[in-house]
Amino acid sequence: MIQILVKEFNSFLDSLIAYIVIGVFLTVVGLMMWVFPETSVLEYGYADMSTLFSFAPFVFMFLIPAITMRMFAEEKKSGTLEFLFTRPLSDWQILLGKFFSGWLLVIVAILPTIVYYFTLSEISSPVGNVDTSGVIGSYIGLVLLGGVFTSIGILASSITSNQIVAFIFAIFLCFIMYSGFDSLAELSTGNAQIYMEQLGIIYHYNAMSRGVIDSRNLVYFGSVICLMLTITKTGLGSRKWQ
């Protein structure tokens with residue numbers, strides 16, 4: 001697994017993908033947080049990082065599929081997927097190696113934004129007047145969200161040899177999983193509305209943004225990641241024996 005992880009991560013660094021993804025993410029959230037008057041924290045009058053954590057998921061919906069779209073689609077198109085399965089590695093080792101390489105790149109993209117926290121802490125009055133627990137919970141939620149979107153992107157890449165199709169399908173699945181259930185919940189009432197909301201990512205992501213690290217939310221994110229990877233592994237396994 002480590003071999004695949006290192007190989008995939010180095011391939012990102014050897015291409016423009018990693019630098020474009022990190023650059024676009026930091027530029028977009030930076031403009032939203034510090035420049036645009038409608039969302040700038042400098043216009044709020046109080047130190048708050050909700051702008052970052054509100055817009056980052058929607059930026060990730062496009063950037064993470066751009067990372068994952070080539071992982072299996074390119075292997076299929078070039079005919080190297082069969083060769084990959086002949087290596088002395090299990091299907092899970094190959095799959096997890098690719099998954100963690102993509103997730104690691106997402107985490108690397110998030111890390112520089114920690115500077116925003118220390119900047120807000122310094123310019124707040126009094127100094128340090130920032131909801132640290134909420135920021136920590138939001139960062140954990142954002143990292144887990146990145147993991148979910150990465151697993152969805154890999155699933156999309158595994159079902160086609162066309163990278164563009166994988167990219168578009170991954171965006172669609174990420175949107176449905178993030179806010180689609182929340183939209184459907186608005187059409188429901190009573191317990192059905194509550195259950196529908198809890199199926200979506202946004203419910204659990206917002207809960208973690210309040211600074212309360214509930215095990216139920218952690219289990220949810222972990223379960224979605226495992227489900228997506230299991231579906232991907234099943235699909236790849238059936239294809240291998242065709």
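Can you give the local net charge around Ser124? Use residues other than it whose beta-carbon is closer than 11 angstrom to its beta-carbon, Lys and Arg +1, Asp and Glu -1.
Counting the neighbours of Ser124, the net charge comes to -3.
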Q) For the pair Ser11 and Val127, how long in nm is the line joining their label points, each one 7 Å along Cα→Cβ? A) 4.8
Q. Calculated FRET efficiency, Ile136 and Leu104, Cβ-Cβ r, R0 22 Å, to nearest 0.05?
A. 0.65
Q: Grab the chain and count how many Lys pairs have their alpha-carbon atoms under 18 Å apart, sequence gap of 8 or more, or different chains.
A: 9
Q.
Using only Cα atoms and rounding to the nearest 10 degrees, what angle (0 to 90) does helix 114-123 make with the longest principal axis of the chain?
A. 0
Q: Please give the FRET efficiency for Glu43 paired with Leu111, using the beta carbon to beta carbon distance and R0 = 25 Å, rounded to the nearest 0.05.
A: 0.45
Q: Would you mind checking the tilt of helix 91-110 against the longest principal axis of the Cα atoms of the chain, expressed as 0 to 90 degrees and rounded to 10?
A: 30
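Relative contact order for the chain: what is it in percent, counting Cα pairs under 8 Å that are at least 6 residues apart?
Numbers: 291 pairs, mean separation 58.9, N = 242.
Value for the chain: 24 percent.
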Q. Using the Kirkwood formula over every pair of different C-alpha atoms, what hydrodynamic radius in Å results for region 2-240?
A. 18.9
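Assuming R0 = 41 Å, what is the FRET efficiency of Ser223 and Trp34, from their Cβ-Cβ distance, to the nearest 0.05?
Details: r = 36 Å, r/R0 = 0.87.
That gives a FRET efficiency of 0.70.
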Q) In degrees between 0 and 90, to the nearest 10, how far off the longest principal axis of the chain does helix 50-68 point, with axes built from Cα atoms? A) 10
Q. Taking K and R as +1 and D and E as -1, what net charge do the other residues with C-beta under 12 Å from the C-beta of Gly153 add up to?
A. +2
Q) Under the rule of -39500 (n - 2.57) per DSSP H run of 4 or more residues, summed and divided by the residues of the chain, what mean residue ellipticity at 222 nm is obtained, to the nearest 500 deg cm²/dmol? A) -23500 deg cm²/dmol
**Q.** Distance (nanometres) between label positions extended 7 Å along Cα→Cβ at Ser50 and Trp92
**A.** 4.2
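None of the figures in this text is laboratory data; all of them are computed from the coordinates on show. Everything quoted here is computed from the prediction, not taken from an experiment. FYI the Cβ positions are ideal-geometry reconstructions off the backbone, even for glycines, and counts take in every protein chain you see.
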